[in-house]
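Written out below as structure tokens is the structure these notes cover.
Nothing in this text is a laboratory measurement; each read-out follows from the coordinates by a stated rule. For clarity, every value in this text was computed on a predicted model and none was experimentally measured. Note that each Cβ is placed from the backbone with ideal geometry, even for glycine, and that neighbours are counted across all protein chains shown.
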Amino acid sequence: MSLTPVLTKRFGTAQPWKIENYERLDGYAGLRQALTLLPDELIALVKDSNLRGRGGAGFPTGMKWQFIPQPKAGEPSKPHYVVINADEGEPGTCRDLPLMMNDPHSMIEGIIIACYAVRAEYAFVYIRGEAVHAIRRVVGAVNEARAKGYLGKNVLGSGFDCEIVVHAGAGAYICGEETALLDSLEGRRGQPRLKPPFPATNGLYDAPTVVNNVGTLASVPYIVLGGADWYKALGPEGSPGTSIYSLSGRVANPGQYEAPMGTTLRELIGLAGGMSRGKDLKFWTPGGASCPLLTTEHLDLPLDFDSVVKAGSMNGTSAVMIFDEDDCVVRAVKKWSEFFEHESCGKCTPCREGTYWYVGIYDRLENGEGTEEDLDTLLDLSDNILGRSFCALGDGATSSVSSSIKYFRDEYLAHVEGHGCPHTATRTLAGAH
Amino acid sequence: MTNFRTSVINLDRPGDPSVFGEQTRAAAAELISRYPAGQGRSALLPLLHLVQSEQGYVTPDGIAFCADLLDLTKAQVAAVVTFYTMYKRTPTGEYLVSVCTNTLCGMLGGDEIFAALKEQLGVGNNQTTPDGMVTIEHAECLAACDYAPVLTVNYEFFDNQTIGSARNIVSQLQSGERPMPTRGAPLCSFKQMERQIAGLWDEQALAPDANSSGVPTEAGVKLAIERGDTAPSYSIDTSAPAERTPAAETVKAAPARPAEDEKPARPRPKRTTTRRPSKGQAEQPTSEHDAPLETAESDPANPADPGTEKGD
């Protein structure tokens, strides 16, 4: 197993966010090459590469692009839009912000290529409002790209026009759900829409729209340059390309580690210098707070889209949060549940009320007032939330609850029997390092 | 987003849009013009940031102003305001301190930091010190888990905090100093920051030389250099060479890929832009893309260690 920096390779070089530095390192070569191809050839190339969306769901990007209806010459048509989901807020996920802060042009180059492929003239980058430094870098990069002729009218003399609007959100995790994002971008409360119809036919302003994640589009210039076979060979069958594993928590050297899809946690912990305080691994998430927890028995699980699903979790955003034996799993899940309760948009009753009930029960458990029956209530709630809401937020809220009870029922019972958290003694020094 | 159970907004008066002057109206018109014709409502979120930049929070005046500009009812605007956490309902301090207390940061010390700062400031969550200098809130995941625990001041990152370092930052803010963010531009006021979030950036606010990186961001790529790890290489088609600086022309060789042949040969469209072929390139130049690049460690002009720019 070796590290394979592709998307992260400019990290740490001299001011990689500046266009002259980006160009010096092959920047915009992918766009130049893309403009020599027909749009349909580009879609075929991305399909052939089997690039799968990096936002969590892993949907094939080329198929998304192909779903955009392309009327024949002379047929009336609505404009097409490309929307970039840069609303990174899934707990544990910290990949798109460093990517935009350090290498915004790779995403912008990918956006322009995507616009050319799906025949869109407008792209919107929806960045969460709190991420000011990422917004700053993307705005600066868009200005630079426009000044160099990569954006605007007649991109590089190709006759193709492309404009990017950078749009800041206002603090709502749910806007990372693509249809909620579109509602938010239209100036509304960010609440998910019923699907179908899908954004590919009825997206932004009810027009055909591609919604892609930052990391997905940043991968596109490399695919154009390297070709589909090169890209596929970077990862295992079915999960092509590299993955930026964002390691956080109880490892010695947390950070961004780009390696082939299918790397295992054991290998990742090794890369990150081992565990941080000499304690053994206890639980971890393979892709953010919406993915069921895994344990030491999954140390050798290949972290790719399909293997993780087989093990009962999800690859998600490849945000790996690592906790050790001194960390209380009930406390961790309580905090995630509070997050989902806070971020539930309120549209669907099971999610809105279910997450509210979760928090009440976890408060009881932590305060030493929990009962064994509360565990059954938590599982019952999970059954009633899962699959019963418009979007995946409610489903995601159940993941850590159900999986933690599955793997750590004894620790829950210890909270009941001991009238509170058995880990209190070990947590007080946490902030004092 | 804001908890809908506790979402209230003070609409005790109708609001007076005329408190916003000509300059604000011109800025609003510019924001609206960025969206396709007929889709002005898309500018509502930016406009609400704009009115916050004038008044420090969303007032009935701000709601009336946005409603007027976009031909919406005030109820429609208020419904949007109450949905989003960043729209404040009460006057916000010069500095908004947000402490991440989500699971990862919280368990690595964020909870204790939040408690210590509330104690230091003598105010609770979402409250402002009597002198109007500092508002404190707990934040959900700020997407900086590899720098945990983190806090932000007016949304600029202060990474890898301890109780001591966080207290130090707040003390400086209280005494009118502006500590330097670990990643981000020099601090400005909350109102100035809201203007930027609305989408109005000047050259100074874009801070092209401000630090963007730190040890965790570069951890993988540095390790790759140490280990000699690289991604499999590919050659790139340079028949339309980009403008390159001489330094970039010393590229290392990489094998040509058979996959390249599969691409359909297509005559290049004529281009009118001013690009010149660079001199001295090899017949089949290949890419610097193939290897991790030198890190800032070897580049004294661009220190990678955020500690060197830390204000505490």
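P(r) tail, the stretch A:149-200: Cα-Cα pairs separated by more than 17 Å, 52% of all pairs. Of the beta bridges DSSP finds with both residues in the stretch A:229-380, what % are antiparallel, to the nearest 5? Around 75 percent of the beta bridges assigned by DSSP in the stretch A:229-380 are antiparallel ones. Packing, as the average of other Cβ atoms within 10 Å across residues, places the peptides B:101-111, B:73-83, A:51-61 in the order B:101-111, A:51-61, B:73-83, highest first. Across chain A, Cα-Cα pairs farther apart than 35 Å form 30% of the total. For the stretch A:306-406, the gyration tensor built on C-alpha atoms gives an oblate shape. Its axis ratio a/c (a ≥ b ≥ c) is at least 1.5, and a/b is not larger than b/c. In this simple spin-label approximation, A:Lys148 and A:Thr349 carry label points 7 Å from Cα along the Cα→Cβ vector, and these lie 5.5 nm apart. Can you bin the stretch A:199-259 into rounded, prolate or oblate? Criterion: square roots of the alpha carbon gyration tensor eigenvalues sorted a ≥ b ≥ c, rounded for a/c under 1.5, prolate for a/b above b/c, oblate for the rest. Verdict is oblate for the stretch A:199-259. Computed over the stretch B:95-215, relative contact order equals 25 percent, with contacts defined as Cα pairs under 8 Å that lie 6+ residues apart.
Shielding by partners for peptide A:303-313, expressed as the average number of C-beta atoms from other protein chains within 10 Å of each residue's C-beta, is 0. Once backbone amide H atoms are built at 1.01 Å from N, B:Asn102 has B:Cys141 as its partners under 5 Å, excluding neighbours fewer than 5 places away on the same chain.
What's the magnitude of the charge dipole for the stretch B:95-215 around its Cα centre, counting Lys and Arg as +1 and Asp and Glu as -1 at the beta-carbon? Answer in Debye, nearest 20. Provide the component values of the computation, followed by the final result.
Details: 6 positive and 14 negative charges, 29 e Å.
My answer is approximately 140 debye.
Amide H contacts for A:Val83 (H built 1.01 Å from N in the peptide plane; partners 5 or more residues away or on another chain; cut-off under 5 Å): A:Phe124, A:Val210, A:Val211, A:Asn212.
For the stretch A:369-383, 3J(HN,Hα) computed residue by residue from phi via the Karplus equation (6.51, -1.76, 1.60; θ = phi - 60°) reads 10, x, 10, 5, 5, 4, 5, 5, 5, 4, 5, 5, 4, 4, 4 Hz, glycine and proline entered as x. Is the shape of the stretch B:95-215 rounded, prolate or oblate, going by the alpha carbon gyration tensor and its root eigenvalues a ≥ b ≥ c, with a/c under 1.5 for rounded and a/b larger than b/c for prolate? Since a/c reaches 1.5 but b/c is at least a/b, the shape of the stretch B:95-215 is classed as oblate.
For the stretch B:25-156, taking Cα atoms only, Rg and Dmax work out to 17.1, 50 Å respectively. Residues whose amide H lies under 5 Å from that of A:Tyr245, counting only those 5 or more places away or on a different chain, are A:Tyr257, A:Glu258, A:Ala259; hydrogens are built 1.01 Å from N in the peptide plane. Note on A:Asp161 and A:Asp363: their simple-model spin labels are 5.5 nm apart, each label 7 Å out from Cα toward Cβ. For the stretch A:1-119, averaging the sequence separation of C-alpha pairs within contact (under 8 Å, six or more residues apart) and dividing by the residue count gives a relative contact order of 37 percent.
Can you work out the FRET efficiency for the pair B:Lys118 and A:Leu38, with r the C-beta to C-beta distance and R0 = 51 Å, to the nearest 0.05? Please report the intermediate quantities before stating the final value.
Details: r = 60 Å, r/R0 = 1.17.
Rounded to the nearest 0.05, the efficiency is 0.30.
Note on A:Asp280 and B:Gln39: the model spin-label points, each 7 Å out from Cα along the C-beta direction, lie 5.5 nm apart.
Peptide A:238-248 has a mean of 2 when you count, residue by residue, the C-beta atoms of other protein chains within 10 Å of its C-beta. For B:Asn168 and A:Asp410, a Förster radius of 30 Å and the Cβ-Cβ distance give a FRET efficiency of 0.15, rounded to the nearest 0.05. Once you have the Kirkwood Rh of the stretch A:248-356 from its Cα pairs, apply Stokes-Einstein at 20 °C and 1.002 mPa s and quote D in µm²/s. Rounded to a whole number, D works out at 145 µm²/s.
When the alpha-carbon atoms of the protein assembly as shown are used, the pair Rg, Dmax equals 24.8, 77 angstrom. Ordering B:Thr162, B:Ser213, B:Ala198 by the projection of their Cα atoms onto the charge dipole of the stretch B:154-236, which places +1 on the Cβ of Lys and Arg and -1 on the Cβ of Asp and Glu, puts B:Thr162 at the extreme positive end. Counting, for every residue in B:132-142, the Cβ atoms of other protein chains within 10 Å of its Cβ and taking the mean gives 3.
With the alpha-carbon atoms of the stretch B:4-81 aligned to their principal axes, the span from lowest to highest coordinate is 35, 24, 18 Å, starting with the largest.
Per residue, the average separation of C-alpha pairs within less than 8 Å and at least 6 apart gives the stretch A:105-248 a relative contact order of 22 percent.
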